[in-house]
Amino acid sequence: MQTRVYLDANATHPLLSQVKIALREALSSEDEWGNPSSLHSSGRRSKKILNDLRKELELASGLKESGWVLCSGATESLNLALAVAKKKSWPVLYSAVEHSAVLRYCEKELASQARSLTVAEDGSLDLTVLDRELKALDGNPCLLVLQTHNNESGLPLLPLERQPEFLKILSEHPQSHLLMDMVQSLPKADAKLWKNLLPRASYVVASGHKAGAMIGIGALWVREGAPLFPQSFGGLQEGGRRAGTEAVWNAFSWLEALKVWRMEGDAIRALWKRQRDFLKSSLKDVPGLQMMLVPHDSEVLLNTLLVSLPSSRSDLILQKLDLKGISISAGSACRSGITQSSHVLRAMGCDAEWTQAVLRISMPVAISDEHLDYFVKTLKGIV
Ligand SMILES: Cc1ncc(COP(=O)(O)O)c(C=O)c1O
């Protein structure tokens, strides 16, 4: 294989080809991009990019452009929202499969204030536990932190058939503030899977590099009237909500990437569905391989397939695949290289043998069938 086969898009999606072209053109232009806070035309040119990005985020999510606070990534955005709970002394409830940006913040900053909510074997939130925990708060405010899709399993935390019950529970607890981590779903997942949840959210988080933009940009959306306490102090950027000169080039790349998703999102997902079906059928022949398939498999991130080779170990398989030109992770990229079992899979009740041998296949946009075929054949050859 001449080029590397990249199957780690949930960790970082490669720059979309359209984004590369737009960046090359912008870089070769004679027009300067000034500081977006400067009043001259070079500064206003940069400011327009930030504003256009917020408009594009509104088109992608339906969430008002003025609510989007640009940050360095989703980790900072999640931390910024969690800092509200710290400041207000709100209890925090989070699903057991949240990203380490949430788990670590709770561990370090909120210890006794935070409680984890169990998920079922299919990766969905246990609504009975949620209801019980909310009732125990006795009408006091709290922050509820939930992902739309999980980065390791690709599974939805709130499958469509459970969403009405979830929304009913929240309506009985109007004091609860919902923080939605949409990093993997926006814009990868079809909007029908998450759009009914957003009217209930006070805070929403997204990240550029999961969508084919440059690494180093993300955003927190804050509903009008919901509290926010800046965690960095300096200039009055982002309406005084996040100090520091904005990363204009990164913003430009995210803006361009979101335009691609707006125009081509349905076609991208249709191709992924076909390719994921191909993987599901062709990987069946790999000796000992097991796939994570749940009843609501149609609502999974269509670029993601989690498999395990229980008699082996992920790190050994990853090394062998790497030598054959294939980039892939064992679940979360944050864990790569460390022999630590996945908190996501443990929360879903997977046994140690399954968890230690897991491979997360996460396809980028426009991966070729030839690359997928090469991956399947290579995997068969090394196990
Ligand atoms: C669900 C989820 N939330 C948050 C993050 C953190 O995102 P970032 O890399 O932009 O800080 C990730 C990254 O993998 C993620 O998958």
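The values are calculated or read from the model by the stated rules, or taken from the named source; none is laboratory data. Fair warning: this is a prediction, and the values are worked out from it, not measured in the lab. Note that we place each Cβ from the backbone using ideal geometry, even for glycine, and neighbour counts take in every protein chain shown. Surface accessibility is based on the protein's heavy atoms, side chains included, excluding ligands, DNA and RNA. Shrake-Rupley method; radii C 1.70, N 1.55, O 1.52, S 1.80 Å.
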Task: Intensity falloff of the chain expressed as log10 I(q)/I(0), Debye formula with alpha-carbon point scatterers, at q = 0.11 Å⁻¹ - done: -0.79
TODO: For the chain, set up a Gaussian network in which alpha carbons nearer than 10 Å are linked by springs, and say which option among L23, L178, L125 fluctuates the most.
DONE: L23
Open item on the list: Test of the criteria: in the stretch 48-133, which GluC sites (Glu not before Pro) are in a DSSP loop and have at most 16 other Cβ atoms within 10 angstrom of their Cβ?
Closed with: E121
Task: Inter-label distance, nm, simple model (7 Å from Cα along the C-beta direction), L323/F229 - done: 5.3
Open item on the list: Could you work out how much longer the chain between E30 and K192 gets when fully extended? Use 0.36 nm per residue separation minus the Cα distance between them, nm to one decimal.
Closed with: 54.1 nm
Task: Net charge dipole size for the stretch 191-316 [Lys, Arg +1 and Asp, Glu -1 on Cβ; Debye, nearest 20] - done: 260
- [ ] Evaluate the relative contact order of the chain (contact order divided by residue number), counting alpha-carbon pairs under 8 angstrom at least 6 apart; express in whole percent.
- [x] 24
TODO: In a Gaussian network model over the chain where Cα atoms closer than 10 Å are linked, find which of P364, P295, P91 has the largest mean-square fluctuation.
DONE: P295
TODO: Calculate, for the chain, the solvent-accessible area per residue in square angstrom, rolling a 1.4 angstrom probe over the heavy atoms of the protein chains.
DONE: 43
TODO: Express the carbon and sulfur contribution to the solvent-accessible surface of the chain as a percent, rounded to the nearest whole number, probe 1.4 angstrom.
DONE: 52
TODO: With a cut-off of at most 10 other beta carbons within 10 Å, and DSSP calling the residue loop, which GluC sites (Glu not before Pro) in the stretch 221-291 qualify? Please list them.
DONE: E224
- [ ] Give me the distance between the Cα centres of the stretch 185-247 and the stretch 342-374, rounded to whole Å.
- [x] 27
- [ ] Return the single residue from M291, M182, M214 with maximal mean-square fluctuation; model: Gaussian network over the chain, springs between Cα atoms under 10 Å.
- [x] M291
Task: Gyration tensor (alpha-carbon) shape descriptor, the stretch 38-79, a/c threshold 1.5 - done: oblate
- [ ] Mind giving me the nanometre distance, one decimal, between the label points for V383 and L127, set 7 Å out from Cα along Cα→Cβ?
- [x] 3.5
Task: Positive-end extreme of charge dipole, the chain - chosen from L157, S17, T3 (charges on Cβ) - done: S17
Open item on the list: Could you give me D for the stretch 152-292, from Stokes-Einstein at 10 °C and 1.306 mPa s, where the hydrodynamic radius is the Kirkwood radius over C-alpha pairs? Units µm² s⁻¹, please.
Closed with: 88
- [ ] Would you mind checking the radius of gyration and Dmax of the stretch 247-313 based on alpha-carbon positions, in Å?
- [x] 16.6, 49
Task: Relative contact order (%) - criterion: Cα under 8 Å, at least six apart; region: the stretch 205-333 - done: 15
Open item on the list: With unit charges on the beta carbons (Lys and Arg positive, Asp and Glu negative) and the dipole taken about the Cα centre of the chain, which residue among M292, M214, S29 sits farthest to the positive side?
Closed with: S29
TODO: With all protein chains present, calculate the accessible area of V183 using a 1.4 Å probe and round the result to the nearest 10 Å².
DONE: 10
- [ ] With r as the distance between the Cβ atoms of S41 and S100 and R0 = 41 Å, compute the FRET efficiency 1/(1 + (r/R0)^6) and round to 0.05.
- [x] 0.45
